[in-house]
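Engineer: Before anything else, here's the structure in question.
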Amino acid sequence: MQRNSTTRAVLRAAAVVIALAAAAGAQAQVSFSKPYLGGSVGDTDLGTGIRLFGGGSLTNIFGIEGQIASYGSNKYQNGAYTYKDSAWTAGAYGTASFPVATSLSVFGKLGAHYFKMKQTGPGRSYSDGSVELGIGAGVKWQFVPQAALRADFENIGGSGGDMISIGLQFSLN
């Protein structure tokens, strides 16, 4: 039952992103521009996470971004046994960015991701993957024309999917 409601929520979020992009396209000429690639490192519920991302602008405000991220791993002891939890995700966001100063902007992200969690222990291994809603926000400082420093917060799939990261974004133009 929970999986069906989660899938419906993700599909509704994707529909909202598509509708917003369509509305933006109706108001302005839409073209993919200002492509970028980047990477970040951050803190997750499982330890240290690493994220690779790329995207571009569709209008002056709206854009798209894809990512793949490792949420790290966490080893813990239960009696004489050692267990390990790990997770990764891959997905895409619709983005909205707003300048607050000449080289500083804030942004928000909404999208869908495949989130996979794995738990291993003595004589057992369990993994669970699902499509989850991703939401995030951040700040970007364009310190030179070809590079920017980013600080992001994102949540994918409710509890267990938080990442706070800092990284670099490089322009491909």
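The values are calculated or read from the model by the stated rules, or taken from the named source; none is laboratory data. Keep in mind it's a predicted model, so treat the numbers as computed, not measured. Every residue, glycine among them, receives a Cβ derived from its backbone with ideal geometry; neighbour counts consider all protein chains shown. The accessibility values were calculated without ligands, DNA or RNA, using every heavy atom of the protein model including side chains. Shrake-Rupley method; radii C 1.70, N 1.55, O 1.52, S 1.80 Å.
Engineer: For region 70-79, check the following and say yes or no: at least one residue is in contact with a Gly (Cβ under 9 Å, 6 or more places away or on another chain) and closer than 30 Å to Asn173 by Cβ.
Structural biologist: So far as region 70-79 goes, yes, one or more of its residues are in contact with a Gly (Cβ under 9 Å, 6 or more places away or on another chain) and closer than 30 Å to Asn173 by Cβ.
Engineer: Can Val144 be described as within 17 Å of Leu37 (Cα to Cα), surrounded by fewer than 13 Cβ atoms within 10 Å (Cβ to Cβ) and either in contact with a Lys or Arg (Cβ under 8 Å, 6 or more places away or on another chain) or among the aliphatic types (A, V, I, L, M) (or both)?
Structural biologist: On the way: within 17 Å of Leu37 (Cα to Cα): yes; surrounded by fewer than 13 Cβ atoms within 10 Å (Cβ to Cβ): yes; either in contact with a Lys or Arg (Cβ under 8 Å, 6 or more places away or on another chain) or among the aliphatic types (A, V, I, L, M) (or both): yes.
Yes: the conditions hold for Val144.
Engineer: Filter region 122-141 for residues that are of a type in the set (A, V, I, L, M) and at pLDDT below 95; which is surrounded by the fewest Cβ atoms within 10 Å (Cβ to Cβ)?
Structural biologist: Our first condition is that a residue be of a type in the set (A, V, I, L, M); within region 122-141, this holds for 131, 133, 135, 137, 139.
Of the ones still in play, those that are also at pLDDT below 95 are 131, 133, 135.
On the way: Val131: 18, Leu133: 23, Ile135: 15.
For region 122-141, the residue satisfying everything is Ile135.
Engineer: Evaluate region 40-50: report whether one residue or more is within 21 Å of Ile164 (Cβ to Cβ) and not in a strand (DSSP E or B).
Structural biologist: We begin by selecting, within region 40-50, every residue within 21 Å of Ile164 (Cβ to Cβ); these are 40-50.
Keeping just the survivors that are not in a strand (DSSP E or B) gives 45-46.
There is at least one residue in region 40-50 that is within 21 Å of Ile164 (Cβ to Cβ) and not in a strand (DSSP E or B).
Engineer: Applying the selection to region 79-113, what residues are touching a residue at least 40 places away in the same chain (Cβ under 8 Å) and either open to solvent by 60 Å² or more (accessible area, probe 1.4 Å) or not in a strand (DSSP E or B) (or both)?
Structural biologist: Result: Tyr81, Thr82, Ser103.
Engineer: Turning to a different aspect of this structure: Any residue in region 36-50 that's buried (at least 18 other Cβ atoms within 10 Å of the Cβ): show its pairings with residues that are modelled with pLDDT under 95 and aromatic (Phe, Trp, Tyr) at Cβ separation under 8 Å, as long as the two are six or more apart or on different chains.
Structural biologist: Thr44/Tyr71; Leu46/Tyr71; Gly49/Tyr71
Engineer: List, please: which pairs have Cβ atoms under 7 Å, are six or more places apart or on different chains, and start with a residue in region 127-147 that is aromatic (Phe, Trp, Tyr) and end with one that is at pLDDT 90 or above?
Structural biologist: Going by the 7 Å Cβ cut-off, the qualifying pairs are Trp141/Ser103; Trp141/Leu104; Trp141/Ala148; Trp141/Leu149; Phe143/Ser103; Phe143/Leu149.
Engineer: In region 105-124, is there at least one residue being among the polar types (S, T, N, Q) and more than 20 Å from the chain's Cα centre (by Cα)?
Structural biologist: Looking only at region 105-124, we keep the residues that are among the polar types (S, T, N, Q), and these are 105, 119-120.
Retained after the next criterion (residues that are more than 20 Å from the chain's Cα centre (by Cα)): 119-120.
Within region 105-124, one or more residues are among the polar types (S, T, N, Q) and more than 20 Å from the chain's Cα centre (by Cα).
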